[in-house]
Amino acid sequence: MAKNLTYKILEEHLLAGKLEPGTEIGIRIDQTLTQDATGTMAYLQFEAMGIPRVRTKLSVSYIDHNMLQAGFENADDHRFLQSIAAKYGIYFSRPGNGICHQVHLERFGVPGETLVGSDSHTPTGGGLGMIAIGAGGLDVAVAMGGQPFYVIAPKVVLVRLTGSLPPWVSGKDIILEVLRRQTVKGGLGRVFEYGGPGVENLSVPERATITNMGAELGATTSIFPSDEQTREYLRAQKREDAWRPLAADPDAEYDEVVEIDLGTLEPLVACPSSPDAVVPVRELAGTEVSQVCVGSCTNSSYHDLMVVASVLKGHTVHPQVSMTISPGSRQVFTMIAHSGALADLIQSGARILESACGPCIGMGQAPPTGWATLRTFNRNFPGRSGTPDDLVHLASPEVAAATALRGVISDPRELGEPPHIELPREFFIDDSMIMPPTEKPEEVEIIRGPNIAPLPLAEPMPEEIRGEVLLKLGDNISTDTILPAGARVLPLRSNIPAISQYVFNYVDWTFPQRAKQAGVSMVAGGANYGQGSSREHAALAPMYLGVKAVFAKTFARMHHTNLINFGILPLRFIDDADYDRLNAGDVLLIPNVRQAIKDGSQITVRNTIQGYEFTARHELTPRQIEIVLAGGLLNQVRSSQS
């Protein structure tokens, strides 16, 4: 039977379940990655499992998020991460070596292998032909321990590309077009597999931009075939031995097909405040901006920065604009320096930041109030930049460069002939900033600073849940809304009592206090609740505050899993009218909840304030039922080993 590429790789790695869309499968994980904002908690969880050494082919710990060291917290966490990596068999990418997804693509990605990472943009690896999936840190810790990674077998959507991109149009415009058509909810339960004759015209960096932002679709992952473009990229990275050809069978079947003629695309922009609010740049031309930021794991490759430098060469950034450049890796930084492009950027007035996530996660460079900003990043959720009521637009490096020159959102096609940038035949290779684990782990002392608090665990599911609905929220609530990122909050990722004080900070700053007073509480949301990042802290901190159940019309995949992993019961409204009728302040009772979960998917809920009952549905697999009854995945793993 002919197979698509996604199911070929999944079949090679299948350990549990059947490859039927909508059913739970367990797959073998070859590689894992973590970053410092999620990694500290992941490694605390790995430690708690009592496993002496990681059991994957490769695990890498990256430092790229918490780089602003305004206090001791980040520096302490980095020392902890370095020592724990040495002891447990994990490679450690030092601060300054680059953004995890860019570095992993350069130095570690292998076509046909599986990668799970504690960052939602892990699907970047799909640009090399990997099955690369973002997940919560606890799922990554379990995978490092050699256990299967569980996921719902996806439907597979073929994005069939034909033709070639016109001048000034790039990979960013392809994924923005997919987002325009599919929306941020369109990828739930799906993998986007790219194929067709247009694929061969896209470089690996362009493919990686597309698979990276597949996370914004809510997709399980995205993937490209491994072909001659892949081989050339790995050869230039001196890793050609990692290459193997991978493609779907010619007559492979798909659940859906999306056709895109690349020749019809034009430069696009995602408007505030959602990645799917996409329009042609010509419709926004003339919009004044105060800031242009180039970088992030989406658009910080050598090619991206060379395009920007070529456009800016000999010019000065508009006096109204503050422009920043974040090279994606030390490799990229070094190469633009040797090429002279770095000097061109500096001479133009662009501000050069370090190779880190930086402004994309609100770690500095918050824009001024009331002014639009244009960024080559992947997300523009409200407030993510660090400025409330921000006006963040997302676009390609080409659009960013033209905008920086003119001070208004600009169509780069007005600049004339585009620069011609060739990918190098050989990249700068220096892995001295990647530290291998020690061969004498017994001699390593784990360094723990005062910011690392004890790991909180949930209690097993009680016989009944009674609690007040403290918040009723709308559609597309992101994990940034549930628990913000940024310079104030991210350094507290290893301290759940401290970080819990920021839960729903953008919505209701009194929530943490009210939740603690209530003891047991609930939250209600609309469709696509928990979209965005993999941050398990958006479940872990509410659990610490006493949230026992979350009701929603639909859940984003990663957040749904994270709620289960930390013992919070996710329930879907069967009838939207039940969502409409529910009010914040209502007290809900779920009697005999343990038995009800075991008996079936229908759960009776009593609204004790309004005096009526409604039925909600859990979508737990048998394995997840055991997890939520145990009070979370870590409880279950520890009990299974005792």
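The values are calculated or read from the model by the stated rules, or taken from the named source; none is laboratory data. Fair warning: this is a prediction, and the values are worked out from it, not measured in the lab. Glycine also receives a Cβ, built like all others from the backbone with ideal geometry; neighbour counts cover every protein chain displayed.
Here are the numbers for this structure:
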| item | result |
| --- | --- |
| Members of region 271-291 found to be assigned to a strand (DSSP E or B) and not acidic (D, E), listed by number | V278, V279, P280, V289, S290, Q291 |
| Residue match in region 131-145 (condition: on the phi > 0 side of the Ramachandran plot and surrounded by fewer than 24 Cβ atoms within 10 Å (Cβ to Cβ)) | no |
| Residue tally, condition buried (at least 16 other Cβ atoms within 10 Å of the Cβ) and free of Cβ contacts under 8 Å to residues at least 60 places away in the same chain, over region 454-474 | 1 |
| Qualifying positions in region 8-30 - assigned to a helix (DSSP H, G or I) and under 23 Å from the mean Cα position of the chain (by Cα) | I9, L10, H13 |
| Any hit, region 54-77, residues being within 19 Å of P205 (Cβ to Cβ), in contact with a strand residue (DSSP E or B) (Cβ under 9 Å, 6 or more places away or on another chain) and modelled with pLDDT of 95 or more | yes |
| Unmet criterion (only one of (1) under 30 Å from T6 (Cα atoms); (2) of a type in the set (A, V, I, L, M, F, W, C); (3) surrounded by fewer than 24 Cβ atoms within 10 Å (Cβ to Cβ); (4) out of contact with any Asp or Glu (no Cβ under 9 Å at 6 or more places or on another chain)) for V110 | (4) |
| Those residues of region 408-442 which are assigned to a helix (DSSP H, G or I) and surrounded by 13 or more Cβ atoms within 10 Å (Cβ to Cβ), in sequence order | P412, R413, L415, P441 |
| G109 being at pLDDT 95 or above, of a type outside the set (A, V, I, L, M) and assigned to a loop (DSSP other than H, G, I, E, B) | yes |
| Of all residues making up region 595-626, the number that are within 30 Å of A48 (Cα to Cα) and either modelled with pLDDT under 95 or not hydrophobic (A, V, I, L, M, F, W, C) (or both) | 9 |
| Residue, surrounded by the fewest Cβ atoms within 10 Å (Cβ to Cβ), within region 218-254, restricted to residues that are among the small types (G, A, S) and in a loop (DSSP other than H, G, I, E, B) | A247 |
| Selected residue (only one of L33, L68, L81, L44 is in a loop (DSSP other than H, G, I, E, B), touching a residue at least 40 places away in the same chain (Cβ under 8 Å) and of a type in the set (A, V, I, L, M)) | L68 |
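Here's the yes/no breakdown for (1) on the phi > 0 side of the Ramachandran plot; (2) under 28 Å from the mean Cα position of the chain (by Cα); (3) not assigned by TED's automatic domain parsing to the domain that holds V307:
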{"residue": "T373", "(1), (2), (3)": "no, yes, no"}
{"residue": "N378", "(1), (2), (3)": "no, yes, no"}
{"residue": "S385", "(1), (2), (3)": "no, yes, no"}
{"residue": "A401", "(1), (2), (3)": "no, yes, no"}
{"residue": "G407", "(1), (2), (3)": "yes, no, no"}
{"residue": "H420", "(1), (2), (3)": "no, no, yes"}
{"residue": "I429", "(1), (2), (3)": "no, yes, yes"}
{"residue": "M433", "(1), (2), (3)": "no, yes, yes"}
{"residue": "E439", "(1), (2), (3)": "no, no, yes"}
